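Heads up, the thing below is written out as structure tokens.
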Amino acid sequence: MSMNRVQAPLRVVLTDINPHVVEAWRAAFADNPEIEIHRGSILEKYVDAWVTPTNSRGRMDGGVDAVIKRHLGAGIQLRVQRTIRDQCAGRLPVGSAVCVPSGATNPKFLISTPTMETSAQNVSETLNVALACAAGFQAIHRQNNEAPGSIESVALVGMGAETGRVPARVCANLMWTGYTLFKDYRFEDYDDLRSTIIAQLDDIENAPTDQRVRIVRPERSATGR
């Protein structure tokens, strides 16, 4: 596995219309004062990128996806699905993400990351929120590697908390895991990201619902740094 420790200055905004999600974020991110937390629509946030929880086919027909599609126009779904087809043969695995130009000035980019395989799937008993959130953040690393400084601010909603039926506190804690992983590491590919998260969170269902888990770097030789 090849990972590099990074320091990425990024303005992160968490926003949702669900007050329970907002309250859970405030608890989970209590020791991360750099995170902005708001109650409200993602459409109101002026940032470089929005992260939207989607399905593996990139069908923007429900939840936040549908709201964003109505706002940006039908062309955004075409761009997302074309990128999924070109990069992943038409199916984007959970724990992956695509970043596409939005066609607007706010935001400049849309990052789509699946929390579920199909539309309206219950993912409350899965690690999908952590996988999706981490993948969304890693997409920022990848975009900024290709075009340095192109994403300096990002807004996210409560991933899986609506359509996916993930409890607010679980959603917040898993998103915290995804955020801290972004702060600490850059993965060269999404396979590494998925295997690392699954290996360390596989038994999280036995942990208390208010427990946060920070992913740590596996032991490796100095030459792998």
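If N is the number of residues in region 3-224, what value comes out of its Cα radius of gyration divided by 2.2 N^0.38 Å? Kindly include the intermediate steps, with their values, before the conclusion.
Values: Rg = 16.0 Å, N = 222, 2.2 N^0.38 = 17.1 Å.
It is 0.93.
Separation between the LEU78 and ARG59 pseudo-spin-labels, each 7 Å from Cα along Cα→Cβ, expressed in nm?
2.0
So between GLU146 and ARG165, what do we pick up on full extension, going 0.36 nm a residue minus the alpha carbon distance?
Working: separation 19, 0.36 × 19 = 6.84 nm, distance 3.50 nm.
Extra length from GLU146 to ARG165 when fully extended: 3.3 nm.
Please compute the modelled spin-label separation between ASP202 and ALA89, points set 7 Å along Cα→Cβ, answer in nm with one decimal.
Output for this residue pair reads 2.5 nm.
Peptides 30-36, 96-102: what's the order by average Cβ count within 10 Å, highest mean first?
Details: 30-36: 11.9, 96-102: 22.0.
Packing proxy ranking, top to bottom: 96-102, 30-36.
Among VAL51, ILE68, LEU14, whose Cα lies farthest out toward the positive end of the dipole of region 9-89, if unit charges sit on the beta carbon of Lys, Arg (+1) and Asp, Glu (-1)?
ILE68
Using 7 Å Cα-to-Cβ label points, what is the ARG26/GLU44 separation (nm, one decimal)?
1.6
Pull out the extension gain between LYS183 and ASN106, defined as 0.36 nm times the separation in residues minus the alpha carbon to alpha carbon distance; nm, one decimal. Show your work: numbers first, answer last.
Values: separation 77, 0.36 × 77 = 27.72 nm, distance 2.42 nm.
Length gained between LYS183 and ASN106: 25.3 nm.
We did not get these values from a lab; they are worked out from the coordinates using the rules stated. Quantities reported herein were computed from a predicted structural model and do not represent experimental measurements. Glycine also receives a Cβ, built like all others from the backbone with ideal geometry; neighbour counts cover every protein chain displayed.
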